[in-house]
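Enquirer: Attaching a single structure in structure tokens format; questions to follow.
Just so it is clear, none of the values below were taken in a lab; they were calculated from the coordinates. The shown structure was predicted, so the numbers you read here are calculated from the model rather than taken from an experiment. Glycine also receives a Cβ, built like all others from the backbone with ideal geometry; neighbour counts cover every protein chain displayed.
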């Protein structure tokens, strides 16, 4: 194999067979990539709170944030793989994540544990709403597999149910 063959292969688009119309692939990939960016931000925020929680309920909240962060991170791979499966491309950099993120950063020097819980509760509620919107988009395009995937992702994730309405862990 010579260098020109290698260069051509590097520039060739990755071919992923998909039965969706091109506009469906574009729309659904964009929705999933935005979800993926939100999940990365939610992961980082949850880890931030895990590292910085303090107070009398430190241990419980520390464990809660750890479990939540792991669940969020696990979902990121599934989302990215689904984007590739339908023939789309996925996130390539932190800059790409930043351009698509809808979850807000929290750079505060100190956040009370109850404020951490409340913020994550709202972020998770918003993420659940976005998952439902993605499900609807998939149905609109006739992508039953991705609709099922996004529905299962929402049901499989326990992040929203880990934090009750009052901002305290439900156990």
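Enquirer: May I ask you to order 80-86, 20-26 by the average number of other C-beta atoms within 10 Å around their residues, highest value first? Walk me through the numbers before you get to the answer.
Expert: Details: 80-86: 17.9, 20-26: 15.1.
Descending mean neighbour count gives 80-86, 20-26.
Enquirer: Then there is this: Starting from the Cα of residue 108, step 7 Å along the direction of its Cβ; do the same at residue 140; then give the gap between the two resulting points in nm.
Expert: 3.5 nm
Enquirer: Mind grabbing the base-10 log of I(q)/I(0) for segment 21-162 at q = 0.09, 0.14, 0.22 Å⁻¹? Debye formula, identical points on the C-alpha positions, no solvent, two decimal places.
Expert: Result of the Debye calculation: -0.28, -0.64, -1.33.
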